[in-house]
1. For n ≥ 4 DSSP H runs only, could you compute -39500 (n - 2.57) per run for chain A, divide by its residues and tell me the 222 nm figure to the nearest 500?
2. Would you mind calculating the relative contact order of region A:5-53 from Cα pairs under 8 angstrom and at least 6 residues apart, reporting the percent as a whole number?
3. I want to verify a result. In a Gaussian network model of chain B, Cα cutoff 10 Å, which of these has the top mean-square fluctuation: B:G55, B:G120, B:G35?
4. What's the exposure ranking of A:K294, A:K175, going from fewest to most Cβ atoms within 10 Å?
5. Taking each residue in A:103-112, count the Cβ atoms of any other chain within 10 Å of its Cβ, then average. What number comes out?
6. Can you spot the aspartates and glutamates whose alpha carbon is less than 14 Å from A:K190's alpha carbon? Ignore those fewer than 8 places along the same chain.
7. Classify region A:12-177 from the C-alpha gyration tensor, please: rounded if a/c falls under 1.5, else prolate or oblate depending on whether a/b exceeds b/c.
8. Take the alpha-carbon centre of region A:36-60, take the same for region B:122-156, and report the distance between them in whole Å.
Amino acid sequence: MDIGKRLGLEYGPPTRNAFGEALLELGRENHDIVVVDGDVGNSTRTQSFGDAFPERFFNVGIAESNLVGTASGLAASGKLALAASFACFLFCNAYDQIRMSVAFPRLNVKLVGSHSGISVGEDGPSQMAIEDIALSTSLPNFTVLVPADAPSTRAATRAMFAHEGPVYLRTGRPKVPIIYPDGVDFQIGKANQLRDGRDVTLIACGLMVAAALEAAHDLSQEGIEARVLDMHTVKPLDEEAIELAARETGCIVTAEEHLVQQGLGGAVAQAVVARYPVPMRFVGVPDVYAESGKPQQLLEKYGLMPADITKAARDALARKEAQHAGSLS
Amino acid sequence: MMAENGNRPRRSLDELRQTSWRLSRQIMKMTTDAGSGHPSSSLSAIDTLTALYFGGIMRYHPERPQWPDRDRFILSKGHGVPALYAVMAEAGYFDPQRLMTLRELNSPLEGHPNMRALPGLEASTGSLGQGLSIGLGHALAARLDGRDYRVYVMLGDGEADEGQVWEATMAASKFDVDNLTAILDYNQYQQTGPVAEVMPSLPPFADKWRVFGWHVLEIDGHDLQAILEAFEEVRQVRDRPQMIVAHTLKGKGLSPFEDNDVNRMHGETLDEEQLEVALSELDARYGYVAGVK
């Protein structure tokens, strides 16, 4: 992948690794933390916790329904229970268990889904979660976190355990550009403004935050100044930041490594329409399943590159200007 | 003032029998009054629940429903919840007069168990297959916390169609949770017909759990003495979870239910006329007269 490289961003560990490191650290600090694994601990990176604290690590086998249910019972008896698997298996296999055994009873269960988005690459669409943001944000009582890089994922992991109630943390497989310094603060529900601008706002989550920063850089070369918001918390959404962006920049583009419908873009659009309607464009996986390939090739083919964001930004800006001209005539 | 150890007064066999009779009456009345619900699935479970809560088996404090050392009961077959509500009211979790608010707006007695609505419920169930996994989580938490509470999970027989039941069965065996006891309410009928017809390879149940390494008992689930003895036996088992296959009947001895050979009125309530018949048949079966004993 080359996203962010033109900006001079360095590549750091995959967000799944950062999560695993933070989990191990937290496990030393808090003995109530327990982990339930669906026999993918070496993929989700919960394994180092399991090696350090075998008595607090339960591999229930390739059985996502029981994975979630067991975590639910542990949480109901007061443990800080985390269940992890590939995001697609967790949400697509065990959705009813997440609904009935976690969301509805508002239990303090932490779900971590790795291998999100199409940057999974060669393993192909069966392993790629492109529906998980839609599924998780659809659940009442859920908090949904999609951090962009390793430092913010470490902080998000800590914030997730400090938060009382069901949380979903989305992590990814490949190495990704580093955006934040080590020790960065992570405030659930509060978007981070990474760049200011008055012409258009780019709202992104996960890997697409780096892509949005690169797009903003390119737009700036054309004389278009873009604001960039890292919307790392997709639920609850920072509607204040969204309204401010709509008022101050007049048009918005969202970008996510997820189906373009019903993910971050849909959520932002709902907030925009309710609070301060402005033209919007949406970057995400179109309404299809992807295929095997290298992450870079897939991001290019399915329209998730910085160039796709700049194009969407120009479209949104043109629409804003046309409306503005129309209202003046 | 209840004992700090949560031990409850152990009712005599006669008293338990009378309790079961009284609660059976309440189940039928409350579901008829509500106009919907699953009375037959509740009646098949009532003797087991009566023994658990009033036979000196479970430790609990109705006034402290979150007491950390309490024994847990999870009704995985959530549609049988009128039986659990009747038992909880009898135990003192809430005023028995509230039983007649079953399924009404703003009543904590929802159509299926909602643990956030009614203190004392240990799980929100109603989507079948999930309770055993939840029970496993509680059982593991007891081990981690060094507590000696036990976890009881009641499953339906038709519920065993669900794959999650077997995921949990395997995992409970792997982790050697001897503080986990499951009860299969083998009442023989599920929604559209006999269990043996809907899923012919499911019975016999005992063999299935035995090969997964569980300690398995089979009992008459309407024989209170046998139920009490089963619960005493499972308490002695070490290093493995236990399954009590309780052979029961939906609406045993009550003609409105028994006359229905499709599913024994699964998910159907008695109308006023049927209720009168069933109540008098129940009274005759137990030899009690309502209002006298």
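1. Theoretical 222 nm ellipticity from helices: -12000 deg cm²/dmol.
2. Over region A:5-53, the number comes to 45 percent.
3. In the Gaussian network model the winner is B:G35.
4. Sorted ascending by nearby Cβ count, the order is A:K294, A:K175.
5. The per-residue average across the peptide is 3.
6. Result set, ordered by chain and number: A:D230, A:D238, A:E239, A:E240, A:E243.
7. rounded
8. Value for the Cα centre distance between the two parts: 21 Å.
Bear in mind that the values in this text are calculations on the coordinates, not laboratory data. Since this is a predicted model, take the numbers as computed values, not measurements. With ideal geometry, Cβ positions are generated from the backbone for all residues, glycine too; neighbour counts draw on all protein chains shown.
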